[in-house]
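Here is the structure we will look at.
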Amino acid sequence: MSARWESRVADRPYTVQVVTTGLLLAFTVSGVFLTRAVAAEEPLVLWPGLVLSVLACATLLRRRRHPLLVLLVTTVCIMTEGFLGYLMTPLLMGPMLLAQYTVSLRPDRRTTWYTALAAAAGIALTGFITTDWPHEWIIGLVNPAAWVLMVASFGSYVRVRREYAVARADHAAQERDEEARRRVIQERMRIARELHDVVAHHLALANAQAGTAAHLARSRPDQAIAMIEKLPEVTASALRELKATVGLLRQETDSQELAPAPGLDQLPQLVETCASAGLAVSVSTEGQPKALTPGLDLTAYRIVQEALTNVTKHAATPSARVRLDYTAHYLTLTITNEAGSPPSAAAASRGFGLLGMRERALSAGGTFHAGPRPGGGFEVACALPLPSSKESTS
């Protein structure tokens, strides 16, 4: 019900303003009659007070467009009524107080307090002149001036509250924009990692197979032909993964209707693919294997895949070792190659393999390390928290 009335008020601002002015005129006229009723001496003439009250209330219809002019007119009307002998009560001063409140809502603070002090000074001067005895100054001088300053303070408070509400709304909108921008950046990075891992791995293997076949073409043509015959398998696997990845990205929902994402259960196929490119990979498992969530399974598989891709591209020896170590709280992946050369600085600066592996490990809440081994070769090691460890710490 309140929202309905708020919408009606917002749709009819001029009607609300006319009704408000009419109610204020009724209070102001009652103030005129109150002064006549309590007058100790000869009763005051009503028509000057009524005319000035109507004039002051009528100017309030323009208070939003010309607030300073309306405040001046209403102040002059109230001062005139004071000089005519009317008692300056809050009822009689209603139009002036409303005009002062309207001025106080403006963003210019100096104008607010300059006009408030000027209006209070005018009312105080009127009370000082029209009051006969000093003991009546509280009623005729201090009290009316205090009402003006109090209304100005209240208007300033409302203005500050409105500015604060607008600032909060702007800040909330800015935070929403920043959050949306951050999500877009994270999604772009995730897509870049997926496409890099899919394309770079298979292209590196295909390039290694083609290079080895070209090297063996003259001395061992049978082996060269066998490697060339395996190239379609590598490229077909690359196309399948690329199609599945792009298909998932094109989905409007999160439903997983396409082929499932690869995981550690596909390590044997990965080892066979690397073997077709001339890279001998040995896999060892320590501890009791545990079930992984789909995201963690994909992360572990992609890290192993990218590490073997780097071995294929950069290592001097055609062999690598993959060790899976399951503990109570972590899965540790270690990929090493013996007595090979680590990636050069130029190659590391051009590629995104190590960066992608690090981002994957950190996004899963794990740790990552990659660097030359003390005895030669290169090592990639990361520790990924298992789901049971996350649940126990939560």
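Scanning segment 163-193 for residues that are touching a residue at least 12 places away in the same chain (Cβ under 8 Å) and farther than 30 Å from GLY356 by Cβ yields a single hit, GLU163. Take segment 76-92 and flag every residue that is under 12 Å from LEU125 (Cα atoms) and among the polar types (S, T, N, Q). Correct list: THR80 only. Scanning segment 53-73 for residues that are among the charged types (D, E, K, R) and surrounded by fewer than 20 Cβ atoms within 10 Å (Cβ to Cβ) gives ARG62, ARG64, ARG65. Restricting segment 270-280 to residues that are of a type in the set (A, V, I, L, M) and over 46 Å from the mean Cα position of the chain (by Cα), the residue that is nearest to VAL322 (Cα to Cα) is ALA280. Output yes when any residue across segment 283-291 is buried (at least 19 other Cβ atoms within 10 Å of the Cβ) and either part of a helix (DSSP H, G or I) or at pLDDT 85 or above (or both), and no when none is. No - not one qualifying residue is present in segment 283-291.
For segment 11-32, the count of residues that are loosely packed, with under 12 Cβ neighbours inside 10 Å, modelled with pLDDT of 85 or more and in the same structural domain as LEU141 (by TED's automatic domain parsing) is zero.
The values are calculated or read from the model by the stated rules, or taken from the named source; none is laboratory data. Bear in mind that the values here come from a model prediction, so they are computed numbers and not experimental data. We place every Cβ from the backbone using ideal geometry, glycine too, and count neighbours over all the protein chains shown.
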